[in-house]
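Here is the structure we will look at.
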Amino acid sequence: IYFLDDNAYRDADGTFWVRGESEAEFLIKIDRPMKKVVLRVSAGPEPVSSIASLGRRKQRVALQPGEEQTISFDLDEGYPYQGQWPVWVVSVSASRGFVPIFYEPSTDTRFLGVRVKPTLIE
């Protein structure tokens with residue numbers, strides 16, 4: 001995944017947070033065709049709405065605190081990178097946000113919206 005802006009925070013476990021009240025746009029680049037991208041989207045301690053887009057297709061979810069939902073898109077052939085590898089443009093937004101330090105014992109002062117765990121399916 002290649003992020004096109006500063007609206008996402010990567011975590012060590014392969015997930016990332018979309019900044020609160022923002023949209024993170026990123027590229028998925030892989031060395032072979034894939035059939036589907038699955039985005040597991042979860043909320044923090046505040047309710048939040050999120051919109052995921054792939055090309056012209058969009059899906060919206062409304063999440064309650066701590067709730068997780070799955071968004072999936074069938075993948076077309078993508079854009080060819082260097083004439084051979086497929087690339088897809090994806091975005092995920094968060095309507096609201098929270099700062100972890102105000103909800104739990106933490107030193108995390110980031111303004112977080114939704115957590116995203118992307119998975120590709122062959």
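The values are calculated or read from the model by the stated rules, or taken from the named source; none is laboratory data. Computed from a predicted model, the values in this text were never measured in an experiment. Heads up, the Cβs are rebuilt from the backbone with ideal geometry, glycines too, and the neighbour counts pull from every protein chain shown. Calculation scope for accessible area: heavy atoms of the full protein, side chains included, ligands and nucleic acids excluded. Shrake-Rupley method; radii C 1.70, N 1.55, O 1.52, S 1.80 Å.
Things worth noting here:
- Look at the range 60-87: where a residue is within 29 Å of residue 103 (Cβ to Cβ) and a partner is among the small types (Gly, Ala, Ser) and assigned to a strand (DSSP E or B), sitting 6+ places away or on another chain with Cβ atoms under 6 Å, you get 61/50; 62/49; 63/43; 65/43; 67/43; 68/42; 71/52.
- From 93, 53, residue being in contact (Cβ under 8 Å) with a residue 60 or more places away in the chain and either in a strand (DSSP E or B) or surrounded by fewer than 18 Cβ atoms within 10 Å (Cβ to Cβ) (or both): 93
- Positions within the range 97-120 being of a type in the set (A, V, I, L, M, F, W, C) and over 16 Å from the mean Cα position of the chain (by Cα), in sequence order: 98, 99, 101, 102
- Filter result for the condition that a residue is open to solvent by 50 Å² or more (accessible area, probe 1.4 Å) and free of Cβ contacts under 8 Å to residues at least 60 places away in the same chain, over 29, 35: 29
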